[in-house]
1. Would you work out if region 10-84 is rounded, prolate or oblate? Take a ≥ b ≥ c from the square roots of the eigenvalues of the alpha-carbon gyration tensor; rounded if a/c is under 1.5, else prolate when a/b is larger than b/c, oblate otherwise.
2. According to the square roots a ≥ b ≥ c of the eigenvalues of the Cα gyration tensor, what is the shape class of the chain, taking rounded for a/c under 1.5, prolate for a/b larger than b/c otherwise, and oblate for the remainder?
3. I need the shape label for region 80-219. Rule: rounded when a/c is under 1.5, else prolate if a/b > b/c, else oblate, with a, b, c from the alpha carbon gyration tensor.
4. Which value, in debye to the nearest 20, gives the size of the charge dipole of region 1-128 about its Cα centre, when Lys and Arg are +1 and Asp and Glu are -1 at the Cβ?
5. Could you work out the relative contact order of region 182-251? I mean the mean sequence separation of Cα pairs under 8 Å and 6+ apart, divided by the number of residues, in percent.
6. Using modelled backbone amide H atoms (1.01 Å from N, in-plane), which distant-in-sequence or interchain residues come within less than 5 Å of Val59's amide H?
7. Would you mind calculating the relative contact order of region 78-187 from Cα pairs under 8 angstrom and at least 6 residues apart, reporting the percent as a whole number?
8. Mind giving me the FRET efficiency for Leu211 and Lys79? R0 is 35 Å, r the Cβ-Cβ distance, nearest 0.05 is fine.
Amino acid sequence: MGNLADRVALITGAGDGMGRQHAILMAERGADIVVNDVDGAKAEETAAEVRKTGRRVQVEVCDVSSVAAIGRMVANGIKALGRIDILVNNAGFGRRQQTHEVGEADFDQMFGVHVKGSFFCTQAVLPGMKERRRGKIVNISSIWGMTGANVSPHYCAAKAALLGATKAWAKELAPFNIHVNAVAPGGVLSGGPLKFYTPEQLQERASHVPLKRYCDPREISYAVAFLVSPEADFITGQVLSPNGGETIVGI
Ligand SMILES: NC(=O)c1ccc[n+]([C@@H]2O[C@H](COP(=O)([O-])OP(=O)(O)OC[C@H]3O[C@@H](n4cnc5c(N)ncnc54)[C@H](O)[C@@H]3O)[C@@H](O)[C@H]2O)c1
């Protein structure tokens with residue numbers, strides 16, 4: 001049994017990529033998992049992996065940009081597994097568009113999933129965390145939320161917004177012993193990079209990273225699992241960016 005024994009974690013977008021690996025690693029470390037995804041088949045695949053660890057799992061299929069759906073998801077999760085101690089706001093997607101290509105619907109969906117979804121998932125889990133005076137929340141931002149990029153300005157803005165919310169929540173919720181941090185991954189071999197780039201393009205992009213590679217999704221899970229563990233009880237309002245050294249700057 002690991003250092004997340006008897007915790008219950010809700011991970012959004014856990015049907016694929018990094019979210020799936022977060023779910024499996026946290027279950028290996030002792031947590032029961034609420035697996036959320038908008039894609040039910042993928043969520044079930046993750047749930048099957050989680051069950052292999054012996055931990056309990058509850059699948060909640062919904063789009064986190066709907067506040068009503070979030071309310072049902074959190075209520076069902078608590079009913080099934082008792083409470084929610086850990087929330088990872090991971091659900092998201094990339095979209096390669098330049099500013100002139102971004103329509104109102106694109107913008108609303110980008111902010112709806114990443115910002116509104118994370119905001120209202122957090123709001124929904126807070127009453128129980130405040131009552132128990134214990135909670136861990138990790139918002140999944142991106143290296144692009146810190147550095148920007150020459151594409152996807154709405155994605156960069158949404159991921160930067162999550163950093164602002166992380167810092168505000170860390171201050172607001174510290175009196176309740178609720179820790180809120182962000183993980184801002186660099187290049188990961190999941191989601192957008194696999195969809196948008198050929199293997200040759202990925203290799204070229206990785207050549208600009210000091211460690212010369214993109215990472216396996218599980219390498220991000222180690223950062224997330226650390227931040228939600230008791231080992232990180234003095235860490236709140238911080239941004240941890242596993243990125244192979246891509247954002248090293250001078251003093
Ligand atoms: N892959 C990268 O290099 C990278 C880098 C930095 C940050 N990120 C961020 O990490 C997170 C995970 O990315 P990934 O690469 O694992 O992506 P992924 O596409 O492999 O997995 C994302 C999952 O989220 C689900 N999802 C999407 N919209 C949803 C919604 N509205 N409600 C519920 N579920 C939804 C998808 O169905 C999918 O299963 C995202 O927030 C992404 O922006 C990714």
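1. It is oblate, given that a/c is not under 1.5 and a/b is not larger than b/c.
2. Working: a/c = 1.42, a/b = 1.40, b/c = 1.02.
Verdict is rounded for the chain.
3. Prolate, since a/c reaches 1.5 and a/b exceeds b/c.
4. 480 debye
5. Computed over region 182-251, the figure is 50 percent.
6. For Val59, the qualifying residues are Val35.
7. 33 percent
8. FRET efficiency, Leu211 to Lys79: 0.20.
Every number in this text was worked out from the coordinates using simple rules, so none of it is lab data. As the structure is a computational prediction, the values presented were derived from the model and not from experiment. Cβ atoms come from the backbone with ideal geometry, glycine included; neighbour counts cover every protein chain shown.
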